[in-house]
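A.B. asks: Following this message is one structure expressed as structure tokens.
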Protein chains: 2
Amino acid sequence: MSIQRDGGASPTISEVAAEAGVGRATVARTLGGYGSVSPKTREVVLAAAQRLGYRPNSVARSMSTGETRTLGVVLADVGNPFFAGVLRGIADAARRADYDVLVLSTDEDLAQEAAAIDVLVDKRVDGVILAPAAGRQARMPQIDLLEQRGIPLVLLDRLVDAVTADAVVINNREASREAVASLIEAGHRRIGFVWGPVTTEPAAGADDLRRILDSALWSDGERLLGYLEALEQAGIPFDTSLVTHVAKHESQATRAVLGMLALSDPPTAIFATETDALTGSLRALRQRGLRCPDDVSLIGFDDSSWASVMTPAMSVVAQPMHQLGKLAAECLLARMAGGVAPVATHVLEADFVRRDSVAPPPAN
Amino acid sequence: MSIQRDGGASPTISEVAAEAGVGRATVARTLGGYGSVSPKTREVVLAAAQRLGYRPNSVARSMSTGETRTLGVVLADVGNPFFAGVLRGIADAARRADYDVLVLSTDEDLAQEAAAIDVLVDKRVDGVILAPAAGRQARMPQIDLLEQRGIPLVLLDRLVDAVTADAVVINNREASREAVASLIEAGHRRIGFVWGPVTTEPAAGADDLRRILDSALWSDGERLLGYLEALEQAGIPFDTSLVTHVAKHESQATRAVLGMLALSDPPTAIFATETDALTGSLRALRQRGLRCPDDVSLIGFDDSSWASVMTPAMSVVAQPMHQLGKLAAECLLARMAGGVAPVATHVLEADFVRRDSVAPPPAN
DNA sequence: AGACATATTGATACCGGTACCAATCGGTGA
DNA sequence: TCACCGATTGGTACCGGTATCAATATGTCT
């Protein structure tokens, strides 16, 4: 008894059965907690399992039940604070339901995203949460695969027109409009817009810009629309030169903002719609020796401890990251449980947090 | 032909075999790329697989091969920027070797950590990367389970005396000593030390403190020892009241620093050994209306964009997060591949980044 | 043409669970 | 004492791959 198995192998149900002197099925029932087992037998079996250090093999169980109790998560970058926060929310909700999380980063690359979904399908995850790297008008063949296989899907943070699935996003447009409106209210009329990963030419005008939106991430597009709406409401003409056309990395944001500041009629305020865009903008101000908010007012996206402890404290649009992930996971779990609720897009509210980085434009 | 299967089930090898009119084994050989198959048959099989949209079932493959091509990662909090960065490094290295990553957060809780390891064992991951929540002198029974099962393990960021396994850490003590030394060099003699999650009483003195170290995280302990060494080298007496005894959350760090600043002989500089500790310290200064570096000099741990764009730019000990994760994964993969290299602890260098948050103490 | 080596193929036994079904056990009431 | 019922138990067929082995087909050489 209590013989340690060699070679690092794990004891199986059969071995426990042999050790306990009962049949395989009896052990399965005892440990699986189904069917009926006499108290005496149960004890014998449990003792044998204990002695052998038995642990169930989830792979075998999945093989037989068809469920892996694993959620697949596909997002741009686990290292990014926004996605890291979201992931935490997902993981918390998953754990509570006794699920685990398999994460894949795509770096906003469509090929990697497709490969990631293939992996998740092959590994037979029970559900998928996806922050698409595709623009809202993209076609996403891999999604069909999920649907075909009956794997529930929840879109996170970004919508895609062609995909009919539950989604959890924030009210990007309203939040953005509110932020820009607060700049306008403070007296600004030249407001720079630094946005996320967009790889297109500079827009020739507002209409051209709307065209570009079709290929942009939904979230980025909405933020830009919010900006446009705020301008329009205030009767401020739209100026292409105040909108960056590519700011995927912080350094690109810095370069873009330096470009704006070099204009003959430079912006007196900047709305940066991502963390990297904000820090990139700050770096640009710093390089030009400009001060915030005295020379240029700033509003960022995504709150963090840093934003609130620096001087001046940064006004930001704060996304409920944890909540976003939690809700996405809960939504997915409900769907997996066979929920027949109609497909829905859940919109969470992002709070505009007013701090000290906004002041009236300089008198001059 | 090309009949779509109903019920969301995936086509199996048998179905492909039927569709192609060949035996199961032949399909397996064709798709698995082993054995030999005639070019003609190969084509027929591939066409059938294509028509049916065949995708291999990784679960079944794992069942048969005994490997899951999945790495398990156990860390305190995926939402924490440090761990998020490390995780990204792990995921990148894993992907390159065609492995996926299952992540579990423990919130620095031993029970959750034990449960996490159980899950990974049950799911039969091929290897585990663990940032232990346990102090260096803790006993960790779950680790034995891993060893028993022959699952390779790499410790990350923190060492545990009782565990013999490969490890990847940074040179916490030297980095800490260097940071504190630079404060001393600037003229400071009253230097506050705000450290990470430690749940013990205030130390009664240096010796008592060393005792406390045994139950602290290895990394936290090393950082404190670095602090002590720097003081000793400069002949500055150790003062318990300048060392926080609990600063697990930012708010606790703030409270602790406020306490220090209220001392009759308050610190003129603070070394915060975690991101939260630094932002917490900054918040305390802000509440007291003190300015950095004019009134109090600061050095933090972990670099971020924020640290370098704020005013003053923060001096920090920058950990190579991505590299840390990447190396841990590579080390694990090597061990999984049957590497017979002796167990080793890899020590990466953390750079001390000198910026503007350190100045001589105020003249007064 | 015959013998033999090689390429190709199909059948089948695993892997370790789950779950159904039939067999057995024990106890009860007539 | 016997028939009968429910509780308990063991046997076994899956799940979908992998890998071995024997059987068959193909081709070559003498």
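The values are calculated or read from the model by the stated rules, or taken from the named source; none is laboratory data. This one's a predicted model, so the numbers in the text were calculated from it and none came from an experiment. Virtual Cβ from ideal backbone geometry, glycine too; neighbours counted across all protein chains shown.
A.B. asks: Show the residue pairs that are 6+ apart or on different chains and have beta-carbon atoms under 8 Å apart, the first residue being within segment A:20-42 and away from chain B (no Cβ under 14 Å), the second being more than 8 Å from DNA strand C (Cβ to nearest atom) and at pLDDT below 85.
C.D. replies: A:Arg29/A:Ser36
A.B. asks: Restricted to segment B:92-103, and to residues that are more than 7 Å from every other protein chain (Cβ to nearest Cβ) and not in a loop (DSSP other than H, G, I, E, B), which residue is nearest to B:Val121 (Cα to Cα)?
C.D. replies: For segment B:92-103, the residue satisfying everything is B:Ala94.
A.B. asks: Quick check on this structure: which one of A:Thr311, A:Thr268, A:Thr279 is over 22 Å from A:Asn172 (Cα atoms), within 14 Å of chain B (Cβ to nearest Cβ) and in contact with a Ser or Thr (Cβ under 8 Å, 6 or more places away or on another chain)?
C.D. replies: A:Thr311
A.B. asks: Every residue in segment B:54-71 that is part of a helix (DSSP H, G or I) and among the aliphatic types (A, V, I, L, M), please.
C.D. replies: B:Val59, B:Ala60, B:Met63
Residues checked against (1) surrounded by fewer than 20 Cβ atoms within 10 Å (Cβ to Cβ); (2) not assigned by TED's automatic domain parsing to the domain that holds B:Val86:
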| site | (1), (2) |
| --- | --- |
| B:Ala269 | no, yes |
| B:Gly280 | no, yes |
| B:Leu290 | yes, yes |
| B:Asp295 | yes, yes |
| B:Ser304 | no, yes |
| B:Leu332 | no, no |
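A.B. asks: Take residues that are touching a Cys at 6+ places or on another chain (Cβ under 8 Å) and tell me which of the strands (runs of 3 or more DSSP E) falling wholly in segment B:261-364 contain 1 or more.
C.D. replies: Of the strands (runs of 3 or more DSSP E) lying wholly inside segment B:261-364, those with at least 1 residues that are touching a Cys at 6+ places or on another chain (Cβ under 8 Å) span B:297-301, B:345-348.
A.B. asks: Okay, next question. Looking at segment B:10-23, which of its residues are within 8 Å of DNA strand C (Cβ to nearest atom) and under 23 Å from A:Gln148 (Cβ atoms)?
C.D. replies: Of everything in segment B:10-23, just one residue is within 8 Å of DNA strand C (Cβ to nearest atom) and under 23 Å from A:Gln148 (Cβ atoms), namely B:Ala17.
A.B. asks: What number of residues within segment A:117-166 satisfy the criterion of being small (Gly, Ala, Ser), within 14 Å of chain B (Cβ to nearest Cβ) and touching a residue at least 40 places away in the same chain (Cβ under 8 Å)?
C.D. replies: Filtering segment A:117-166 for residues small (Gly, Ala, Ser) gives A:127, A:131, A:133-135, A:138, A:150, A:162, A:165.
Of the ones still in play, those that are also within 14 Å of chain B (Cβ to nearest Cβ) are A:127, A:150.
From the residues that got through so far, the ones that are touching a residue at least 40 places away in the same chain (Cβ under 8 Å) too are A:127.
Result for segment A:117-166: 1.
A.B. asks: Here's a follow-up. Take the residues in segment B:76-85 that are among the aliphatic types (A, V, I, L, M) and within 7 Å of chain A (Cβ to nearest Cβ), then tell me which one is farthest from B:Val125 (Cα to Cα).
C.D. replies: Top of the filtered list is B:Ala84.
A.B. asks: Moving to a separate point now. Within segment B:14-53, how many residues turn out to be within 7 Å of DNA strand D (Cβ to nearest atom) and assigned to a loop (DSSP other than H, G, I, E, B)?
C.D. replies: Number of matching residues: 2.
A.B. asks: Kindly provide the set of residues from segment B:5-38 that are within 30 Å of A:Leu153 (Cβ to Cβ), buried (at least 19 other Cβ atoms within 10 Å of the Cβ) and polar (S, T, N, Q), ordered by number.
C.D. replies: B:Ser10
A.B. asks: A further question follows. For the subset of segment A:344-364 comprising residues that are touching a strand residue (DSSP E or B) at 6+ places or on another chain (Cβ under 8 Å) and of a type in the set (A, V, I, L, M), which member is surrounded by the fewest Cβ atoms within 10 Å (Cβ to Cβ)?
C.D. replies: Only one residue fits best here, namely A:Ala344.
A.B. asks: Exactly one of these conditions fails for A:Ser64: (1) among the hydroxyl-bearing types (Ser, Thr, Tyr); (2) under 23 Å from A:Ala334 (Cβ atoms); (3) within 14 Å of chain B (Cβ to nearest Cβ). Give me its number.
C.D. replies: (2)
A.B. asks: With the checklist (1) β-branched (Val, Ile, Thr); (2) within 16 Å of DNA strand C (Cβ to nearest atom); (3) surrounded by 22 or more Cβ atoms within 10 Å (Cβ to Cβ) in hand, flag the one item B:Thr41 doesn't pass.
C.D. replies: (3)
A.B. asks: Test B:Arg88 against the stated conditions and say whether it is in a helix (DSSP H, G or I), within 10 Å of chain A (Cβ to nearest Cβ) and of a type in the set (Lys, Arg).
C.D. replies: Here the answer is yes, as B:Arg88 does meet what is asked.
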